[in-house]
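Report on the following structure.
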Amino acid sequence: MTACLLSIEELSVGFHTPEGTARAVDRVSFSLDKGETLGVVGESGCGKSVTSLSILGLIPSPPGTIESGCIRFEGRNLLELDPEALRRLRGREISMIFQEPMTSLNPVIAIGRQVAEPLMVHHGLSRSAALAQAGEWLDRVKIPAARRRLEDYPHQLSGGMRQRVMIAMAMVCRPKLLIADEPTTALDVSIQAQILSLMLDLKNEMGMSLLLITHNLGVVAQTAARVVVMYAGQVVEEASVVDLFDRPFHPYTQGLLRSMPQLGARRSGGGKRLKEIPGIVPAITETIAGCRFAPRCRHAFDHCRAKAPDLFSVGVGQRARCWLKHFPERRRSDA
Amino acid sequence: MKRFFHNKNFTVGFVLSLVVVIAAAVSLLWTPYDANRMNARDRLQGPSWQHPLGTDQYGRDTLSRVMTGSVNSIIVGLVTVAIGLTLGVGLGLISAYFGRLADEAIMRFADLLFGFPAVLTAILITSILGPSMVNAMLAIGIFYIPVFARLTRAVAMVVWEREFIAAARACGISELGITWRHVLPNILSPLLIQGTIQFAVAILAEAGLSYLGLGTQPPHASWGRMLNEAQTFMDTNPWMAIFPGLAIAWSVLGFNLLGDGLRDTLDPKMVRVR
């Protein structure tokens, strides 16, 4: 049995704003095994990025505070580490790739030095040794003529190339966990697949775990083994990728799947329009008594609006935060 | 480099400043006459073949003195900007990084320094410490600290918000490392621009202090000092005042245009701070 690498237990993160405390992450729990790929899916503002930033201890404070919970990485609670120990962990054991390759690289520093920097910081390599390794890494992330590119500046590279540089930067120290926050969102569709397969190849080669944060279910289907669906700061469903696509339980997950365009759907499905989920995500400063998805849910009934559901087990390795588990008769058939 | 010379300000400023720098460099090795040697026979002359810029009341060659004076001006510019940069940038970075109390304290200190009329305080400082070139540089340099502190704070705060800082943090780079290797390189161009402009201001300020007798002391040549000495002989030999005055105007204009040109070229978006 594979060992657990990262487990997040009951994590809550709040942001203090003049309008009140916004709970961006509300009692989120999930875990990630060694070598596993976990997808975290949800709309913008559902708390997926905040969750990933809290793993690295990079929640800006103030205004953010981790209110409760724990984040265990190889048994250590990251929330109890002092800032210096946490810093030594970042880039070495846990790395992160950001969404915007255009702005995530320092515009005035040559890319070779940027890739080499973590090596100098964490492994104490000399500049020339680090640069030599950086050259190897640029080659590994398939940047053509990598050695000659070391002196290039970010503006000389395309978006896809910059994201490759970001990947190299995140991987040079061979981390055990890579967090990728919307790594392909800002890229052309044709480049997205290349970047994803590159990340998966490197992950398999180095036996690391991947936490893939995205709003794109297509990306998850291609890469992840298990998926966590988040909505308004909470985990609403967790399942294996196969179960999630075959038997989504939560109405929100179902809605997400229905709002996904599918190739050939017009012919087989008789020309159906894409179904959007009505309504908008509630503001996280609002306190909602019942289920947070209830206002947008077409199955919602009185009980949903009165009492918040827990994560109920709805199958083998599948959990969903929905009262339909106990009131299956309330589920309306698809119109 | 080519794009700089597309800018008229930069080109003109560059040429003017280059002349000053060359004159200073040459004077270290050679001047037409010894700048301090008196020659009673050739007193108070106008321009001639022997003395292209004339002579002063002791018969000293004005061209030689203007050339030697340029060394003086360049040293003052360099030292004062260096004082302002090291302390000002340091304080500005601290202010931008820590915010809150440190920021308040440093910025109010800057306001306090700004509150004093610069020239008056420089006079005060030089009269307390005693008139000398070193003290004049100190007095001017102190006034540059808040200039650079404010500028640094303003631009560094913007840089800290940028995404590559978060990326650097995610790579485990220490806050000091980020400041030094990521923030500082990104604010160099506004600092360079401001530094060039302050360089010009320093030349003018030193000339002013020396004119008042609070800067460079005789017999050393300084443009301000020369103006002062020329004052008595304005009726008999106005040339004595014209050439040092021209030298001041020339170099101040040169370094100012250079600064403007740098700004236009390096950062068209930058809003001029102060």
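Please treat every number below as a calculation from the coordinates, not as lab data. In this text the structure is predicted, and so the values were computed from the model without any measurement. Cβ sites come from the backbone with ideal geometry, for glycine too, and all protein chains shown count toward neighbours.
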Treat the count of other C-beta atoms within 10 Å as a stand-in for reagent exposure and order B:Trp160, A:Trp323 from fewest to most.
-> B:Trp160, A:Trp323
Listed residues B:Phe233, B:Phe143, B:Phe164, most fluctuating in chain B (Gaussian network, C-alpha, under 10 Å) | B:Phe164
Under a point spin-label approximation (7 Å from Cα along Cα-to-Cβ), what is the A:Leu274-A:Gln222 distance to one decimal in nm?
-> 1.7
Just B:Gly172, B:Gly261, B:Gly54 to compare: in a GNM of chain B, with alpha carbon springs under 10 Å, which one fluctuates most?
-> B:Gly172
Pulled fully out, how much extra length does the chain show between A:Glu10 and A:Arg88, if you take 0.36 nm times their separation in residues and subtract their Cα-Cα distance?
-> 25.6 nm
The answer for A:Gln234, listing residues at least 5 apart or on another chain whose modeled amide H is closer than 5 Å to its amide H, is A:Asp26
Of the beta bridges DSSP finds with both residues in chain A, what % are antiparallel, to the nearest 5?
-> 60
Expected sort for B:Ile83, A:Ile167 with the fewest Cβ neighbours (10 Å cutoff) up front is B:Ile83, A:Ile167
With a Förster radius of 30 Å, plug the Cβ-Cβ distance of B:Gln50 and B:Lys8 into 1/(1 + (r/R0)^6) and report the FRET value to the nearest 0.05.
-> 0.20
Given the rule -39500 (n - 2.57) for each run of at least 4 DSSP H residues, summed and divided by the residues of the protein assembly as shown, what is its mean residue ellipticity at 222 nm, to the nearest 500 deg cm²/dmol?
-> -16000 deg cm²/dmol
Exposure proxy ranking, count of Cβ atoms within 10 Å, fewest first, for B:Thr265, A:Thr65 = A:Thr65, B:Thr265
Run through the DSSP bridge list for the protein assembly as shown and note the antiparallel percent, rounded to the nearest 5.
-> 65
Largest-first principal axis extents of the Cα set of region B:152-257 (Å) | 73, 25, 17
What's the angle, to the nearest 10 degrees (0 to 90), between helix B:133-160's Cα axis and the longest principal axis of chain B?
-> 30
Rg/Rh for region A:102-174: what does it come to with C-alpha atoms and Rh from Kirkwood?
-> 0.92
Using the eigenvalues of the Cα gyration tensor, what equivalent ellipsoid semi-axes result for region B:7-266 when each is taken as the square root of five times the eigenvalue, whole Å, largest first?
-> 42, 20, 13
Can you give the Rg to Rh ratio of the protein assembly as shown, both from alpha-carbon atoms, with Rh computed by the Kirkwood formula?
-> 1.16
With the label point 7 Å along the Cα-to-beta-carbon line of B:Glu104 and a cut-off under 17 Å to each amide N, the hits in region A:37-80 are A:62
With Cα atoms, 0 to 90° folded angle of helix B:184-211 axis to chain B main axis = 30
Under a 5 Å amide H to amide H cut-off, with H placed in plane at 1.01 Å, what residues pair with A:Glu67 once short-range neighbours are removed?
-> A:Ser12, A:Val13, A:Gly14
Measuring from the longest principal axis of the C-alpha atoms of chain B, the long axis of helix B:8-29 (C-alpha) lies at a number of degrees, nearest 10, equal to 60
If R0 = 30 Å, then B:Leu192 and A:Ala129, at their Cβ-Cβ distance, give a FRET efficiency to the nearest 0.05 of 0.40
Modelled label reach - B:Gln217, point 7 Å along Cα→Cβ, region B:67-102 residues with backbone N closer than 13 Å = none
Note, B:Asp61: beta-carbon cut-off 12 Å, +1 each Lys/Arg, -1 each Asp/Glu, net +1
Gyration tensor (alpha-carbon) shape descriptor, region A:188-302, a/c threshold 1.5 | oblate
What is the distance, in nm, between label points placed 7 Å from the Cα along the Cα-to-Cβ direction at B:Glu161 and at A:Val189?
-> 3.5
Leaving out same-chain residues fewer than 8 places away, which lysines sit with a Cα under 19 Å from that of A:Lys325?
-> A:Lys307
Nitroxide proxy distance, nm - points 7 Å out along Cα→Cβ at B:Ala118 and A:Asn77 = 5.6
